[in-house]
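The values are calculated or read from the model by the stated rules, or taken from the named source; none is laboratory data. Just so it is clear, the structure is predicted and the values come from calculations on it, not from any experiment. Please note: Cβ atoms are built from the backbone with ideal geometry, for glycine as well, and neighbour counts cover all protein chains shown. The protein model used for the area step is the full one, side chains on, heavy atoms only, and it has no ligands, DNA or RNA in it. Shrake-Rupley method; radii C 1.70, N 1.55, O 1.52, S 1.80 Å.
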Amino acid sequence: IAPDLRGHARSDKPDDGYALADYAADAVGLLDALNVGRVCVIGHSLGALIAAYLAAEMPDRVYALVLEDPPLCQHADIDEWARLRIEVQGLGTVEQTVAMLRDLVPDRPDADIEQEAECLRATAQGPFIAILTGEIDLTSDQSAMLRRIACPTLVLQADPADGGVLSDEAVGRAMAALRRGSHQAFPRTGHVIHRDRSSDFVAAVERFFDTVLEEHVDTGDATQSEGCM
């Protein structure tokens, strides 16, 4: 199951409700509607923060977790980044959006810029406003939240030199905080690992989930109401 987050893509775009707790509540609502108990959860970028929050606050719903290039490090310029994205969203045409993004990030490949333009135009302003108001805190160390996660957790790191948002220092803090954490780096890979290195991404996730499921079978801990999100 790969749901669009509220405010993103084809999901509704309410004016508010963009805190991590709101997103997590949406995920639990979906699980309840599907009559699914615990799941393996994969989250990318903001979705990784939401997945981590879900695992930390509702451990009975998550038995394995994959965090793909999560923004766990402190971003001093995040407010300016969010303001610029809101400004870009207000442009009239796709071409204008692409042109402004190209000015903001001239070193990025055209395909990446065009995809970000499409994503921005399909995203509500709410998520960016939540960053500006602090409802989504991307300026603080997230170690306290990670320490509350009890399930096996795989952290996938893109290359900061190629647009990845997770620094080596942040990985070190995450591994120290996670009770059952593991880490895999993807050199020369941008922020969207599952797109840029899809085969390697799938292989890493499958190895991790296979190991987790084997542990559950060995301990008799698996249930019939488990799935994957």
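Before moving on, here are some points about what is shown:
- In the set (1) touching a helix residue (DSSP H, G or I) at 6+ places or on another chain (Cβ under 9 Å); (2) touching a residue at least 60 places away in the same chain (Cβ under 8 Å); (3) open to solvent by 70 Å² or more (accessible area, probe 1.4 Å); (4) within 26 Å of Asp77 (Cα to Cα), Val155 fails one condition alone, (3).
- Residue within region 19-39 that is touching a Cys at 6+ places or on another chain (Cβ under 7 Å), assigned to a strand (DSSP E or B) and over 25 Å from Asp141 (Cα atoms) present: yes
To keep it simple, each residue is scored yes or no on (1) within 23 Å of Gln142 (Cα to Cα); (2) modelled with pLDDT of 95 or more; (3) surrounded by 12 or more Cβ atoms within 10 Å (Cβ to Cβ).
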site: Ala174; (1), (2), (3): yes, yes, yes
site: Gly190; (1), (2), (3): yes, no, yes
site: Asp196; (1), (2), (3): no, no, yes
site: Val217; (1), (2), (3): no, no, no
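- In a residue-by-residue description of region 190-210, the property of being closer than 29 Å to Val88 by Cβ, among the β-branched types (Val, Ile, Thr), out of contact with any Asp or Glu (no Cβ under 8 Å at 6 or more places or on another chain) and without any contact (Cβ under 8 Å) to a residue 24 or more places away in the chain applies to no position.
- Residue match in region 91-113 (condition: under 20 Å from the mean Cα position of the chain (by Cα) and not small (Gly, Ala, Ser)): yes
- Within region 179-219, considering residues that are outside any helix (DSSP H, G or I) and β-branched (Val, Ile, Thr), the one farthest from Val39 (Cα to Cα): Thr189
- Of all the criteria given as (1) open to solvent by less than 50 Å² (accessible area, probe 1.4 Å); (2) without any contact (Cβ under 8 Å) to a residue 40 or more places away in the chain; (3) within 26 Å of Arg180 (Cβ to Cβ); (4) out of contact with any Lys or Arg (no Cβ under 8 Å at 6 or more places or on another chain), the one not satisfied by Glu68 is (2).
- Here is the figure for region 14-70: residues that are over 14 Å from Leu156 (Cα atoms) and among the polar types (S, T, N, Q) total 1.
- Among the numbered conditions (1) surrounded by 16 or more Cβ atoms within 10 Å (Cβ to Cβ); (2) part of a helix (DSSP H, G or I); (3) among the aromatic types (Phe, Trp, Tyr), the only one that Trp81 does not meet is (1).
- On the stretch given as region 104-152, residues that are surrounded by 15 or more Cβ atoms within 10 Å (Cβ to Cβ), among the β-branched types (Val, Ile, Thr) and not in a loop (DSSP other than H, G, I, E, B) total 4.
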